[in-house]
There are 2 protein chains.
Amino acid sequence: MPDEMRRIVLASRPSGAPALDNFRLETAPIPEPGGGEILVKVLWLSLDPYMRGRMDASKSYAAAVEVGGTMEGGAVAEVIRSNNPKFIIGDIVNAQFGWTTHAVHTGQGVRKIDPALAPISTAVGVLGMPGLTAYVGLLDHGRPQPGETLVVSAATGAVGSVVGQLGKIHGLRVVGVAGGAEKCAYAVEELGFDACLDHRAAPDAKALRAELAAACPGGVDIYYENVGGKTLEAVYPLINVGGRIPVCGMISWYNLGGLGMGAVDGPDRLPKLWRTVLVNRLSVRGFIVTDHYDRFPAFLSEVPGHIRDGRLKYRETIAEGLDAAPEAFLALLKGGNFGKQLVRVAAENA
Amino acid sequence: MPDEMRRIVLASRPSGAPALDNFRLETAPIPEPGGGEILVKVLWLSLDPYMRGRMDASKSYAAAVEVGGTMEGGAVAEVIRSNNPKFIIGDIVNAQFGWTTHAVHTGQGVRKIDPALAPISTAVGVLGMPGLTAYVGLLDHGRPQPGETLVVSAATGAVGSVVGQLGKIHGLRVVGVAGGAEKCAYAVEELGFDACLDHRAAPDAKALRAELAAACPGGVDIYYENVGGKTLEAVYPLINVGGRIPVCGMISWYNLGGLGMGAVDGPDRLPKLWRTVLVNRLSVRGFIVTDHYDRFPAFLSEVPGHIRDGRLKYRETIAEGLDAAPEAFLALLKGGNFGKQLVRVAAENA
């Protein structure tokens, strides 16, 4: 066991798109766990778009990361020392350990992972927070009925890919929107979507809307929102009376001043959207998965079976080593990942 | 009985705010009811903001009024001839008879009014569509919990005044937004609102927001939306986590090109609103009362009692004679009414 741990801290708050110099690698002695605490070695770090929000000082779901503080992040780790009777050395666990090689934790809210269920990296992916986010947003807020049409943005991402496949399992027509021909081909050929449109190939929202209209001849009943921006503008006028918009993210707007809170050049798109909400009696529902952990048992009773049956596939993009996390995160914000973005912080069974 | 009837037709579609020359008064012989039909004499015509939408060709809830067609509108009328066994001469009835002195109708969907229950004009007001709109929007979509804070715009209008008073009856702190000091005084002194803010006295949304923040020390849990525009911009950043926005109307935006569908100068307010929906997990629900007529029995079992008990008050602004309808409607769109805007088309018991 090395004597030093490494962690990545927020060096400064970004203005607009984050850059590498907003992060700093630090080393420190590996701490001793106190009474009732555990020491873990991180194996897999999850990178997720929500982390962009934690870099800003403005109000979001949760407190911002302090400048100089360790970047927040979910991780899969191995217990290497334990003063807590609930955990033994060798346990594989999941919690928000952060962008770090090692962490001391009280054990509260730490979830034990069963390595027999699936590869342990899935505990921060298809069987973890992104999978549950997909499940709650689609089933609870989207309220799908067989035969309806679902459009999902960021369609090959960790959340979107599960949304679309669950949509197919629940009898929907599923149309994805993703960035690039390769992702779109994957969504249709591997994930079984009925269609997937490349927003990068569409010159503007109007062009993308025309493609969506052709791919959704019965209109759109559910728009699972991950991105905002051009895709939102393209899809909302196509939503049928009684349609639902679970709002899970808005990644294309995360770098607007103060997470979208600054002034943005016009035209003002709000009146049109508001009118569509009114006239088509839409239901728009923002949500965050941490409000819905009570759905974890239902989720875990359904989704692992779909994976075993081959009806629900997942893909991982893996960055090697904690040092690679900032660059991988910046790429994620630009859509450079394919499926779930992970960092292999340490080898399993090493 | 006169031999001629009068009606007001849509002479031309407005571009922007409607004007008197968009309407035309026509006369015609009073028609004979056919087999199974009734002939009614209109007593009270209701004027409502939704009618602005019917004047445009663009898609709305319902079909547009054709140019040359009679303006649509709900009315209370007296049956003066009947070839329908369900109706007798003298029955007081309510249906969408239109802006007209007389109408022939099949009787389908025509609701008989009990004059003993309340003044018959309330059948298009507090005990009719506006009252049901308030009831469904607040109780079903707003899901109020005692102790929560409700903000309602167009607070002294036919809908808003019922929303606020129902809010008080259901244990909410109620803050209205209305146009002018007189309306605000009425909301507080007569209707029992906890506070009412004059949006005309606030130079901009930011100033109005500061006043709202002071009037809502616990934040806002429900924003009952009737107006859009400056009031929406002022209130939504104050909405608490888990807040609800029943979207009933957006009168301040109705005159934007094509009912808000044209381009509007920036800044673009959509990213900020969308972010608030996400971060504060808001539920935004557009609705139209015609989808919710199944709630009429529950509404009629509760609300007349509140009126009899003096807990729910209403006020009417009455224009005299069908000819006065266009001018009264234009004033309504500018907030010139006080409470329910009616046209006395013919005297009761005349």
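The numbers here are math on the coordinates, done by the rules we state, and not lab data. All of these numbers come straight from a predicted model, not from anything done at the bench. Reconstructed Cβ throughout: ideal geometry from the backbone, glycine too, with neighbour counts over all protein chains shown.
Please figure out what share of the DSSP beta bridges in chain A is antiparallel and state it in percent, rounded to the nearest 5.
Details: 29 of 54 bridges.
Antiparallel bridges make up about 55 percent of those DSSP assigns within chain A.
I need the Kirkwood Rh of the stretch A:129-291: take the reciprocal of the average 1/r across all distinct C-alpha pairs and report it in angstrom. Provide the component values of the computation, followed by the final result.
Working: mean 1/r = 0.0642 Å⁻¹.
Answer for the stretch A:129-291: a Kirkwood hydrodynamic radius of 15.6 Å.
Straight-distance candidates among the lysines for linking to residue A:86, with alpha-carbon spacing under 21 Å and chain neighbours fewer than 8 residues away dropped: A:41, A:112. A Förster distance of 30 Å, applied to the separation of the beta-carbon atoms of residue B:348 and residue B:62, puts the FRET efficiency at 0.55. Rounded to whole numbers, the Karplus 3J(HN,Hα) couplings from phi for the stretch B:39-54 are 10, 10, 9, 6, 9, 10, 9, 8, 10, 9, x, 4, 4, 4, x, 5 Hz, using 6.51 cos²θ - 1.76 cosθ + 1.60 with θ = phi - 60°, and x at Gly and Pro. Across the stretch A:174-253, counting alpha-carbon atoms alone, Rg and Dmax equal 11.8, 33 Å. What is the set of long-range amide H partners of residue A:317 at a cut-off below 5 Å, with H atoms built 1.01 Å from backbone N? Residues meeting the amide H criterion: A:338, A:340, A:341, A:342.
Listed cross-link partners A:230/B:230; A:230/B:272; A:230/A:334; B:206/B:230; A:183/B:272; A:272/B:272 are compared with a 20 Å cut-off, the Cα-Cα value being larger for A:230/B:230; A:183/B:272.
Amide H contacts under 5 Å for residue B:71: B:8, B:9, B:10, B:99, restricted to partners 5 or more places along the chain or on a different chain, H placed in the peptide plane at 1.01 Å from N. Put in order of Cβ neighbour count within 10 Å, fewest first, the listed residues B:265, A:114 become B:265, A:114. For the protein assembly as shown, the C-alpha radius of gyration divided by 2.2 N^0.38 Å, with N the number of residues, is 1.11.
Once you compute Rg and the Kirkwood Rh from C-alpha atoms, what is the Rg to Rh ratio for chain B? Using only Cα positions, Rg/Rh for chain B is 0.98.
Per-residue mean of foreign Cβ neighbours for A:285-297 is 3 (Cβ atoms of other chains, 10 Å radius).
Quotient of the Cα radius of gyration of the stretch A:146-209 and 2.2 N^0.38 Å, N being its number of residues: 1.03. Near residue B:43: Cβ cut-off under 10 Å, other residues only, Lys/Arg at +1 and Asp/Glu at -1. The net charge is 0. Legend: P(r) of the stretch B:86-200 from all alpha carbon pair distances, 10 Å bins from 0, whole percents, reading 13, 35, 27, 18, 6.
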